[in-house]
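The values are calculated or read from the model by the stated rules, or taken from the named source; none is laboratory data. Small disclaimer: the values here were computed from a predicted structure and weren't measured. For neighbour counting, all protein chains shown are included, and Cβ atoms are generated from backbone atoms with ideal geometry for every residue, glycine included. Accessible surface is based on the protein model in full, side chains and every heavy atom, while ligands, DNA and RNA are left aside. Shrake-Rupley method; radii C 1.70, N 1.55, O 1.52, S 1.80 Å.
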Amino acid sequence: MLRAVAEGGSGGCRGCRGHWGAPHPSAPPYPSELGLRLRLMGRTLQDQLSPLAPGTGSWGPPGVPRDPQPPEEADVVVVGGGVVGWSVAYWLKALEARRHGMRVLVLERDPTYSRASTVLSAGGIRQQFSLPENIHMSRFSASFLRNINEYLGVPNEPPVDIQFQPSGYLFLASPQDAEGLEATVKVQREEGVQVTLLSPAQLKDKFPWIDTEDVAVASYGLEDEGWFDPWTLLTALRRKAMSLGVLSCAGEVRGFVTSAEDLMPPRGPDPLSARIKRIHVYMQDSLEYQPVTCAIVVNAAGAWAGELLETAGLPEALRQPLPIQPRKRYIFSWHCHDGPGLSCPFLIDTTGAYFRREGIAGNYLGGMSPPEEEEPDPSDLSVDHSYFQEQVWPRLARRVPAFSSLRPGSSWAGYYDHNSFDRNGVVGAHPRLSNLLVAAGFSGHGLQHAPAAGRALAELVLKGRYETLDLSRLGWSRLVQREPLVEGGVV
Amino acid sequence: MRGGRGHARGAGPGLGGLDPYLGAPYIWGSPIGVASSPIHMGQPHRGCIQPHTYGAAQPHIPPPRTHMHLKDIYGPNVAAAAFTLSLGGSVRYEGQEQWLRPHGPWQERVLQLRSVPVWGLDLSACPVTYSGLGSLEPLPHLAHLDLSACPHVDDWTVARMRALAPSLRSLSLSRCPRVTERGLATLHHFRELRHLDVSGLNVPSPGLVRILLEEMLPGCRIVGMELDTPPKGTT
């Protein structure tokens, strides 16, 4: 029934939709209550179908992409279709708890996700952070992932399996860093994290394949830590959000229109605040743009969150730059014949190099974040294989002697949305633009914090305050007041 | 109140309300071992999710007396035994030959044996979940645990059993549909394990997983996952 009406929508039956509620002339006279019900049902169906109306029929000029066009207006526009963006969109609809409520639109300029950080991530989740807010976010995300089918299950669809491997994280500390690690573990224990400290002897006993030279102490996470498949999480969030009515379009935001332009040419001081009225969404490979009138804009553009705020249209006086830049990181995979077995955790070495097991067939993947002065050029995602040969492999082979003979496999590069101010996420409302919110800058742990950040932002939008997680310290104000909230455990 | 709201739906007084999602039934007017869970999974998801505070600045209001856990009143042995028996499982105490089965008036027996350590729990085919394992956690003498064919036991649940590792000598996870090799990888904490039954599990390349398990648990005898076992579902 629905399909027939949908197919008729763009063709000759366009008129039929309007007459859906009217009874057929030759049918027996229905009781008026049933007629009313049919009219209401018809109106519901029209609401469901109206987003599909123009431009989504089966015909279009050849060569022009047939993706859905953005609507002319939306209540909330989420810029960025990565895991953080879809998490915000999902939580907005889930917490709203109302059908046909607000219209949420997710815009992603790269629908193949060729450069998105989400799908290129190593997929780890840990609670071993030094900042309590990060610990809370990770714990919330862990319980979200544990009950993922309660949250993201869609009727008549197969259940979600993120393939979580609960193997824990193992941080090794050299004698200089031992005190810092122990202090961090103390903070974590106070927040209720199950983490244990291991001496070199205990480490050798538990993981005999480690060479404990230069290791003073190690911290081993015992619960809700491990790794999972980020692509599955992204598609599950997307599928559930779309089943709850979120719209998704491919397009890039390249212009803002704010209420500051409504003011007469400047007389008096600059505006103290303004509101974004419209965004200009440019379609792929096109100079056309669709102005989308919106009430709230959420910046979930990940590594390009800072660049989004440099976009034309935001008034100079109200610009508040976000110190978020893309930083390229490599991940290398290799095969080792007699490497660490099933008990292998996600190991982070004293030198910063890290690796984890991938599957059960002897494959591993790992990498290392380079020091500040050796940052690779982030303009493309080409891989520098000599980085593995010269920097990563020697360090890992020193730590795990079995890795001295390995067979390198594939490698790829992805971006950290690096917050150069203090390497922590920025979550909250813009100080001057009253309807712009941001959730970005997680500097390498955005994937594991996405469910939590999405929920926090959705609560901020729907209720005006944080309820489940108090992330007020991660807001813009610390950037404005130049008070860094440093995260020590950035891998 | 957290425990109260979750149990209100479908749970009656006394031995009513078996709520598989919470894994902890409503008994004697007080919930047993309700671990913290972010949503009240006893309620169907109608799009309205109850908030649970994580580190939010709210004053701590102590729960009313009726919601104190059995663990706090009678001790861990009673909590674990009552939990198991009310789910339909059996309990064996240290020094006893017979298994205590959930037929007849077991409550008085459990209370009589409150200071006798629990030696073995048979929870096969019971609806025990991740949060239900909280009732079993402080059991320092548990040596035998049978979780075969439990429909809700998954990799997260297996990982949570780490607290029982110091004493457990025999574990069965056979035919649990949701346990995979990823959960089995967390069994390396179980140094005292001597018998592990992993037959009928859904894993890719069972022969390889068995070899890896034997490598991980050298002193343990592993049952199931032979190399020439036919794939699950065929005879």
*Could you list, in sequence order, the residues of the stretch A:336-357 that are more than 14 Å from every other protein chain (Cβ to nearest Cβ), part of a strand (DSSP E or B) and not aliphatic (A, V, I, L, M)?*
A:354, A:355
_What's the number of the only condition in (1) in contact with a Gly (Cβ under 6 Å, 6 or more places away or on another chain); (2) more than 22 Å from residue A:167 (Cβ to Cβ); (3) touching a residue at least 60 places away in the same chain (Cβ under 8 Å) that residue B:131 fails to meet?_
(2)
*Identify all residues within the stretch A:81-96 that are open to solvent by 10 Å² or more (accessible area, probe 1.4 Å) and not hydrophobic (A, V, I, L, M, F, W, C); write none if there are none.*
A:82, A:93, A:96
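Go through B:51, B:62, B:44 for me and flag whichever is part of a loop (DSSP other than H, G, I, E, B), of a type outside the set (A, V, I, L, M, F, W, C), at pLDDT below 90 and touching an Asp or Glu at 6+ places or on another chain (Cβ under 9 Å).
B:51
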*Kindly check whether there is at least one residue in the stretch B:220-235 that is part of a loop (DSSP other than H, G, I, E, B), in contact with a strand residue (DSSP E or B) (Cβ under 9 Å, 6 or more places away or on another chain) and crowded, with 21+ Cβ neighbours inside 10 Å.*
no
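Scan the stretch A:123-138 residue by residue and report those that are polar (S, T, N, Q) and touching a strand residue (DSSP E or B) at 6+ places or on another chain (Cβ under 8 Å).
Within the stretch A:123-138, A:127, A:128, A:138 qualify.
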*asked:* I'd like the full set of residues that are more than 24 Å from residue A:438 (Cβ to Cβ) and open to solvent by 30 Å² or more (accessible area, probe 1.4 Å), limited to the stretch A:97-127.
replied: A:97, A:98, A:99, A:100, A:112
*Could you please give the count of residues in the stretch B:101-136 that are outside any helix (DSSP H, G or I) and either within 17 Å of residue B:170 (Cβ to Cβ) or not aromatic (Phe, Trp, Tyr) (or both)?*
23
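Could you tell me which residue of the stretch A:162-192 is most open to solvent (accessible area, probe 1.4 Å), considering only residues that are more than 9 Å from every other protein chain (Cβ to nearest Cβ) and assigned to a loop (DSSP other than H, G, I, E, B)? Working first, answer last.
Here is the first cut: in the stretch A:162-192, the residues more than 9 Å from every other protein chain (Cβ to nearest Cβ) are A:162, A:169-190, A:192.
Of the ones still in play, those that are also assigned to a loop (DSSP other than H, G, I, E, B) are A:162, A:174-177, A:192.
Working: A:162: 8, A:174: 6, A:175: 81, A:176: 145, A:177: 79, A:192: 35 Å².
Checked the stretch A:162-192; the qualifying residue most open to solvent (accessible area, probe 1.4 Å) is A:176.
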*asked:* Give all pairs with beta carbons closer than 9 Å in which a residue from the stretch B:173-197 that is away from chain A (no Cβ under 14 Å) and within 25 Å of residue A:205 (Cα to Cα) meets a residue that is in a loop (DSSP other than H, G, I, E, B) and open to solvent by 40 Å² or more (accessible area, probe 1.4 Å); count only pairs at least 6 apart in sequence or on separate chains.
replied: B:192/B:166; B:192/B:169; B:192/B:219; B:194/B:169; B:194/B:219; B:195/B:169
*asked:* Consider the stretch B:111-130. How many of its residues are surrounded by fewer than 24 Cβ atoms within 10 Å (Cβ to Cβ), of a type outside the set (Lys, Arg) and out of contact with any His (no Cβ under 9 Å at 6 or more places or on another chain)?
replied: 7
*Picking from A:279, A:331, which residue would you name as being of a type in the set (A, V, I, L, M) and within 30 Å of residue A:406 (Cα to Cα)?*
A:331
*Taking the options A:64, A:78, A:119, name whichever one is of a type outside the set (Phe, Trp, Tyr) and modelled with pLDDT of 95 or more.*
A:78
*Quick one: would you say residue A:417 is open to solvent by less than 50 Å² (accessible area, probe 1.4 Å) and touching a helix residue (DSSP H, G or I) at 6+ places or on another chain (Cβ under 7 Å)?*
yes
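Residues checked against (1) outside any loop (DSSP other than H, G, I, E, B); (2) of a type outside the set (Ser, Thr, Tyr); (3) in contact with a strand residue (DSSP E or B) (Cβ under 6 Å, 6 or more places away or on another chain); (4) within 14 Å of another protein chain (Cβ to nearest Cβ):
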{"residue": "A:90", "(1), (2), (3), (4)": "yes, no, no, yes"}
{"residue": "A:105", "(1), (2), (3), (4)": "yes, yes, yes, no"}
{"residue": "A:117", "(1), (2), (3), (4)": "no, no, yes, no"}
{"residue": "A:121", "(1), (2), (3), (4)": "no, no, no, no"}
{"residue": "A:140", "(1), (2), (3), (4)": "yes, yes, yes, yes"}
*Hey, among A:246, A:154, which residue is within 23 Å of residue A:446 (Cα to Cα) and either loosely packed, with under 15 Cβ neighbours inside 10 Å or β-branched (Val, Ile, Thr) (or both)?*
A:246
*Report the residue count in the stretch B:88-100 for those that are open to solvent by 20 Å² or more (accessible area, probe 1.4 Å) and assigned to a loop (DSSP other than H, G, I, E, B).*
7
*Within the stretch B:95-103, can one find any residue that is small (Gly, Ala, Ser) and over 25 Å from residue B:179 (Cβ atoms)?*
yes
*Within the stretch B:190-215, count every residue that is open to solvent by less than 30 Å² (accessible area, probe 1.4 Å) and assigned to a helix (DSSP H, G or I).*
4
*asked:* Restricting to the stretch A:385-409, give me the number of residues that are within 28 Å of the chain's Cα centre (by Cα) and buried (at least 16 other Cβ atoms within 10 Å of the Cβ).
replied: 3
_Tally, over the stretch A:430-472, of residues that are open to solvent by 20 Å² or more (accessible area, probe 1.4 Å), touching a Phe, Trp or Tyr at 6+ places or on another chain (Cβ under 7 Å) and touching a residue at least 40 places away in the same chain (Cβ under 8 Å)_ = 3
*Which condition does residue A:300 not pass, out of (1) in contact with a helix residue (DSSP H, G or I) (Cβ under 9 Å, 6 or more places away or on another chain); (2) at pLDDT below 80; (3) not hydroxyl-bearing (Ser, Thr, Tyr), if it passes all the others?*
(2)
*Which listed residue is open to solvent by 30 Å² or more (accessible area, probe 1.4 Å) and part of a loop (DSSP other than H, G, I, E, B), from A:212, A:235*: A:212
_I'm trying to understand the selection: among the residues of the stretch A:327-350, which are open to solvent by 10 Å² or more (accessible area, probe 1.4 Å) and more than 25 Å from residue A:128 (Cβ to Cβ)?_
A:335, A:337, A:338
*Say we look at the stretch A:434-491 and pick out the residues that are more than 13 Å from the chain's Cα centre (by Cα) and aromatic (Phe, Trp, Tyr); which of these is nearest to residue A:300 (Cα to Cα)?*
A:476
